[in-house]
1. For Ile56, what residues show an amide H to amide H distance below 5 Å, using hydrogens built from the backbone and excluding near sequence neighbours?
2. Hey, got a sec? Which GluC sites (Glu not before Pro) in the stretch 183-266 land in a DSSP loop and have at most 13 other Cβ atoms within 10 Å?
3. Counting helices only, and only those DSSP H runs with n ≥ 4, report the 222 nm mean residue ellipticity of the chain as the sum of -39,500 (n - 2.57) divided by its residues, in deg cm²/dmol to the nearest 500.
4. Just to confirm the filter: which trypsin sites (Lys or Arg not before Pro) across the stretch 182-266 are DSSP coil and have at most 13 other Cβ within 10 angstrom of their Cβ?
5. For the chain, calculate the relative contact order in percent as a whole number, restricting contacts to Cα pairs under 8 Å that are 6 or more residues apart.
6. In Å and from the alpha-carbon atoms only, list the Rg and Dmax of the chain.
7. Assuming 0.36 nm per residue, please report the length gained on full extension of the stretch His197 to His115 beyond their Cα-Cα distance.
8. With a ≥ b ≥ c taken as the square roots of the eigenvalues of the C-alpha gyration tensor of the stretch 126-266, please select rounded if a/c is under 1.5 and otherwise prolate if a/b is larger than b/c or oblate if it is not?
Amino acid sequence: MLLDWMRRLGGKRIPAALLSRLRDEAGGMPLLVGLSTEETDRLVRLAGELLLAKTITGLEDMEVDDAMRCRLALQLALPGMNLGMRAYENWREAILYPAPFVARNRWQDGIGLTHEGEQVLIGQAHYQGPLVFSWPDVNESPLLDGWNVVIHETAHQFDMLDGPANGAPPLHKGMDRAAWSRAWNQAYRQFCREVDHGVEGWLDPYASENPAEFFAVLSEAFFEIPHLARRDYPELYRLLSQFYRQDPAARLPPVDETSVMPVQPS
């Protein structure tokens, strides 16, 4: 395959054939609608750098072809499009399963209790370790439905650039850490209260699990349904725009809120 051949050559320059393939794949993704030519070029180049620098491994006898690698790499690259490769320095491998996978984990709930057991997952980010995904969920992620497992796990990895995920990634120069903490803590507590009282909206209740998940789920919304995120969480949207150095609401079409809310039983 193209990428295997390039790695054997050991070159670091991104071949034109790979850039062309990435650009073709990007053209079919609703998630990338509205990017300017310059932004698309930057995204495609970063995705190419990721493909040359990172290993993508398929498990359970699943063959990973170049089209799959490109689709994954473009989604990985979108959150860091204006941050560069340094934002991806704490992991070396992405692992793909052919379906949701079982993992034994230790996790903390919204009130600070620690649990341990098996979970069926579609994505997982490890501190200084690999990203793990269910391929069918990666494939369906760029649909502007408010849900994107690749962006979710990439947000966790950005969060873990300065330690275990806690919802407070390392901020850029000029960003106020105290202001970030106040805004996110206040919004997280309010969202947890709403979930506890059965208030349902477009934001996945999983965001109430802990501050790290709140940051990752809001990051999904920021890139997939930015108009809703900006409407209901204007301060968090502003902070995410500063952190990711992007404004998705300026390029993406609005999404009908009812299309992303959970379906209610009849």
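Nothing in this text is a laboratory measurement; each read-out follows from the coordinates by a stated rule. If you're wondering where the values come from, they're calculated on a predicted model, not measured in any experiment. Reconstructed Cβ throughout: ideal geometry from the backbone, glycine too, with neighbour counts over all protein chains shown.
1. So Ile56 has HN proximity to Ala94.
2. Numbers: sites: Glu194, Glu200, Glu209, Glu213, Glu220, Glu224, Glu235, Glu257; in loops: Glu200, Glu209.
Here the sparse-neighbourhood loop sites are Glu200.
3. Working: 10 runs with 117 residues, N = 266.
That calculation yields -13500 deg cm²/dmol at 222 nm.
4. Details: sites: Arg182, Arg189, Arg193, Arg230, Arg231, Arg238, Arg245, Arg251; in loops: Arg245, Arg251.
For trypsin sites (Lys or Arg not before Pro) across the stretch 182-266 that sit outside H, G, I, E and B with at most 13 neighbouring Cβ atoms in 10 Å, the list reads Arg245.
5. Values: 392 pairs, mean separation 43.6, N = 266.
The value is 16 percent.
6. Radius of gyration, then largest Cα-Cα span, for the chain: 18.2, 59 Å.
7. 27.2 nm
8. Details: a/c = 1.35, a/b = 1.20, b/c = 1.13.
The shape class here is rounded.
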